[in-house]
Amino acid sequence: MAKIQLGIAGASGYGGQELLRLAVRHDDIEIAVAMSSAGNNETQELPALKNLWNGRIEPFSIEKLIAKSEVVFLGLPDGISAELAPKLVKNERKVFDLSGAFRLRDKELRKQWYPKSPSLPAITTYGLPEWNREDLSTANLVACAGCYPTAAILALKPLVKAGLLVDKTDIYIDAKSGVSGAGKKPSERTHFSEVHGSIAAYGIFSHRHAAEIEQELQRPVTFVPHLVPLDRGILETIYTRVKPGTTDDTIREALDVYQKSPFVRLTGNTPPEIKHVVHTNFCDIGWILDDTRLVLVACIDNLVKGAAGQALQSFNIAHDLEESKGLL
């Protein structure tokens, strides 16, 4: 069987490099072209991948991306993806977008959080494979789920679907992420001297991932992200209340919806840790129940399950390949 010709735009960023690292080991993929972000006209090498891939990052060209690729992964800023993805879809290229440009289905919410994305290309699917796998094969554009939302939705959605949470109860999501979640472009906030030895809350009541989580859960949440001095990884501690009579077994039964999901692991009453999931596509979920008080803990690698790995997992499902191919 001929290999699928894959193009990656934004291959020099953290998410793009992770995509390359995974894709070059995938038996059904050939890297047709790997490009930098739009506006970058330099040819680059990636020393971190020199033992896996001997190619070079080319200057961005949408014409070349269309000409050489069957499938395109976009690891670009939201505004650039908002401009490029519709053009790629129009040229019959299947697109997996790692940005947030097309994740929100509500037009007014997109206007608020992603103003450069006024409309969605025809047949756009939200890319959280555990919950949207049926739609991946027919989608023209897969808007891969965000890193923070991935952990939160995977932990909470089974309980919401099972009706276990108290009606109108508060859901508090205390989320902590490594610095790579802020992207490769340096800033004062991500400077070593600012991050080392500190933890900082940010985006309180103003982080766009809250809208994404609420969209998928159909429930309001209080979402507070924190920057921690790690290079990668996300840990979310989630506080809420369940209905009286809910037991530990009830929680496990609801989460057993993931029995056939190769990348969700339940740790029971042992809270998972970031070190158990870094450099993998796993989401580990644990919980502690005390009467009606429930604490969930979910961990992922923000660059793999929160970005590149999730995109490749969706790619596999969309092309009727083994879901875990290239990811284990």
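Observations on the structure shown:
- Breaking point among (1) assigned to a helix (DSSP H, G or I); (2) touching a strand residue (DSSP E or B) at 6+ places or on another chain (Cβ under 9 Å); (3) under 30 Å from GLY15 (Cα atoms), for ARG252: (3)
Every residue, every condition in (1) hydrophobic (A, V, I, L, M, F, W, C); (2) in contact with an Asp or Glu (Cβ under 9 Å, 6 or more places away or on another chain), yes or no:
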{"site": "SER37", "(1), (2)": "no, no"}
{"site": "GLU58", "(1), (2)": "no, no"}
{"site": "VAL71", "(1), (2)": "yes, no"}
{"site": "GLU83", "(1), (2)": "no, no"}
{"site": "LYS94", "(1), (2)": "no, yes"}
{"site": "PRO115", "(1), (2)": "no, no"}
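- Answer residue from the range 66-83, given it is more than 26 Å from ALA182 (Cβ to Cβ) and crowded, with 19+ Cβ neighbours inside 10 Å and is farthest from the chain's Cα centre (by Cα) among those: SER69
- Output for the range 264-281, where each listed residue is assigned to a strand (DSSP E or B) and out of contact with any Cys (no Cβ under 8 Å at 6 or more places or on another chain): LEU266, THR267, GLY268
- The range 208-236, residues that are assigned to a loop (DSSP other than H, G, I, E, B), surrounded by fewer than 18 Cβ atoms within 10 Å (Cβ to Cβ) and either under 18 Å from the mean Cα position of the chain (by Cα) or not assigned by TED's automatic domain parsing to the domain that holds ASP167 (or both): ASP231
- Assessment of the range 262-271 against the conditions (surrounded by fewer than 17 Cβ atoms within 10 Å (Cβ to Cβ), of a type in the set (D, E, K, R) and either at pLDDT 95 or above or out of contact with any Phe, Trp or Tyr (no Cβ under 7 Å at 6 or more places or on another chain) (or both)) yields no matching residue.
- Residue satisfying all of: in the range 309-328; touching a strand residue (DSSP E or B) at 6+ places or on another chain (Cβ under 8 Å) and among the aliphatic types (A, V, I, L, M); surrounded by the fewest Cβ atoms within 10 Å (Cβ to Cβ) among these: ALA318
- Matching residues, the range 56-74, being modelled with pLDDT of 95 or more and small (Gly, Ala, Ser): ALA67, SER69
- Restricting the range 273-315 to residues that are more than 11 Å from the chain's Cα centre (by Cα) and of a type in the set (Asp, Glu), the residue that is nearest to VAL71 (Cα to Cα) is ASP284.
- Members of the range 41-85 found to be part of a strand (DSSP E or B), touching a helix residue (DSSP H, G or I) at 6+ places or on another chain (Cβ under 8 Å) and more than 22 Å from PHE315 (Cα to Cα), listed by number: GLU58
- Breaking point among (1) at pLDDT below 95; (2) over 23 Å from ALA145 (Cβ atoms); (3) in contact with a strand residue (DSSP E or B) (Cβ under 7 Å, 6 or more places away or on another chain), for ALA32: (1)
- Residues of the range 64-84 that are more than 22 Å from GLU30 (Cβ to Cβ) and not charged (D, E, K, R): PRO77, GLY79, ILE80, SER81, ALA82.
The values are calculated or read from the model by the stated rules, or taken from the named source; none is laboratory data. These numbers come from a predicted model, not from an experiment. As a convention, Cβ positions derive from the backbone with ideal geometry for all residues, glycine included, and neighbour counts pool all protein chains shown.
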